[in-house]
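The values are calculated or read from the model by the stated rules, or taken from the named source; none is laboratory data. Fair warning: this is a prediction, and the values are worked out from it, not measured in the lab. Virtual Cβ from ideal backbone geometry, glycine too; neighbours counted across all protein chains shown. Calculation scope for accessible area: heavy atoms of the full protein, side chains included, ligands and nucleic acids excluded. Shrake-Rupley method; radii C 1.70, N 1.55, O 1.52, S 1.80 Å.
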Amino acid sequence: MALRQEMAKSLLKTSSLSGRTKLLHQTGLSLYSTSHGFYEEEVKKKLQQFPGGSIDLQKEDSGIGILTLNNPSKMNAFSGVMMLQLLEKVIELENWTEGKGLIVRGAKNTFSSGSDLNAVKSLGTPEDGMAVCMFMQNTLTRFMRLPLISVALVQGWALGGGAEFTTACDFRLMTPESKIRFVHKEMGIIPSWGGTTRLVEIIGSRQALKVLSGALKLDSKYALHIGMVEEVLQSSDETKSLEEAQEWLKQFIQGPPEVIRALKKSVCSGRELYLEEALQNERDLLGTVWGGPANLEAIAKKGKFNK
């Protein structure tokens, strides 16, 4: 018996993290590097040339963050500066240890119309396109791996890159009159911020092929039917729909931050890693909460209840 206990302790101490698992554990790591022909600082200099709008972040005491795409004169299209600011906000959120949830929305009752065409026209070569693709894939993958339960609040239109951003969130909610549309085919391109890959995971390959090749307008009813969104909210009012989204999210983030964050990390590993790696990561995450304050408090309460 003593030998078995020693073996168990030894197993828990042993770190068998693969390179893929480390990507989930460590913040600040990118999908692409110079070995892929990606030179981040050069891309940042190019994006800096296209100002306009902002990415705003409000962190609530409830543990819910509100990330706002703010460029209303262009339907909240992403300027180059906004792409840079999005990365800055993701880094800030990576370090927000009290955070549990995140709502992404657009200013002035619309989500986002995608990329600002001024930047698109100026970054016209295949090399430029691939560089921006790698930059945004890096940013949205880090966003997707945040230990926060995230919700896209779709008001008005989510077009192109805006539609892609919704797929980087764990959940999507739509207001009654809102629409999601992947317009890439009509622009002579394909989704390049990771949208195709994530869309296939959300609605399956057959539905994703229809949505993308048909450039379908997904109204709230149809989006709900194919499983693109969780729920259609009651109000289309900007303030009221945000309140509804917050109430919806609260049911999933009740409890201590360390538990909610460990759950999100565990789900990420289940999605991204091979079975053995995911199981080992689940074990390691358990070690961060088992015997912790929330666990001990719950056990104490349960004991009283049983008496």
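Filtering segment 126-158 to residues that are open to solvent by 40 Å² or more (accessible area, probe 1.4 Å) and either among the β-branched types (Val, Ile, Thr) or touching a Lys or Arg at 6+ places or on another chain (Cβ under 7 Å) (or both) leaves only 157. Based on this model, can you work out whether residue 214 counts as free of Cβ contacts under 8 Å to residues at least 40 places away in the same chain and outside the structural domain of residue 78 (by the TED database)? When the stated conditions are applied, residue 214 does not pass them. Those residues that are within 21 Å of residue 124 (Cβ to Cβ) and not in a loop (DSSP other than H, G, I, E, B), I need them from segment 42-65; list them, please. Matches in segment 42-65: 42, 43, 44, 45, 46, 47. Here segment 165-192 is the region considered, the condition is being open to solvent by 10 Å² or more (accessible area, probe 1.4 Å) and in contact with an Asp or Glu (Cβ under 6 Å, 6 or more places away or on another chain), and the residue that is modelled with the lowest pLDDT is 191. Listed by first and then second residue, the pairs with beta-carbon distance under 7 Å, at least 6 apart or on different chains, first residue in segment 248-275 and under 20 Å from residue 64 (Cβ atoms), second assigned to a loop (DSSP other than H, G, I, E, B) and polar (S, T, N, Q), are 257/97.
Per this entry, residue 213 is not counted among residues that are in contact with a Ser or Thr (Cβ under 9 Å, 6 or more places away or on another chain), of a type in the set (S, T, N, Q) and open to solvent by less than 80 Å² (accessible area, probe 1.4 Å). The requirement of being open to solvent by 50 Å² or more (accessible area, probe 1.4 Å), in a helix (DSSP H, G or I), under 24 Å from residue 101 (Cα atoms) and not hydroxyl-bearing (Ser, Thr, Tyr) is fulfilled nowhere in segment 273-280; no residue meets it. Please go through segment 54-74 and pick out each residue that is surrounded by 21 or more Cβ atoms within 10 Å (Cβ to Cβ) and within 21 Å of residue 155 (Cβ to Cβ). Matches in segment 54-74: 55, 64, 65, 67, 69, 71.
The rows are residues; the columns are (1) touching a Leu at 6+ places or on another chain (Cβ under 7 Å); (2) closer than 22 Å to residue 141 by Cβ; (3) open to solvent by less than 100 Å² (accessible area, probe 1.4 Å).
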| residue | (1), (2), (3) |
| --- | --- |
| 240 | no, no, no |
| 247 | no, no, no |
| 262 | yes, yes, yes |
| 286 | no, no, yes |
| 295 | no, no, yes |
| 301 | no, no, no |
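Out of 178, 205, 150, which single residue is more than 18 Å from the chain's Cα centre (by Cα) and within 21 Å of residue 245 (Cα to Cα)? Checking each option against the conditions leaves just 178. Residue 162 fulfils the conditions (1) open to solvent by 30 Å² or more (accessible area, probe 1.4 Å); (2) out of contact with any Asp or Glu (no Cβ under 9 Å at 6 or more places or on another chain); (3) of a type outside the set (Ser, Thr, Tyr); (4) closer than 30 Å to residue 98 by Cα except for a single criterion, (1).
Could you list all residues from segment 217-233 that are open to solvent by 30 Å² or more (accessible area, probe 1.4 Å) and in contact (Cβ under 8 Å) with a residue 40 or more places away in the chain? Scanning segment 217-233 gives 219, 224, 230, 231, 232. For segment 98-125, the set of residues classified as open to solvent by less than 30 Å² (accessible area, probe 1.4 Å) and touching a Pro at 6+ places or on another chain (Cβ under 6 Å) consists of 100, 107, listed by residue number. On the given criteria, is residue 127 of a type in the set (Asp, Glu), in a helix (DSSP H, G or I) and farther than 18 Å from residue 53 by Cβ? Yes.
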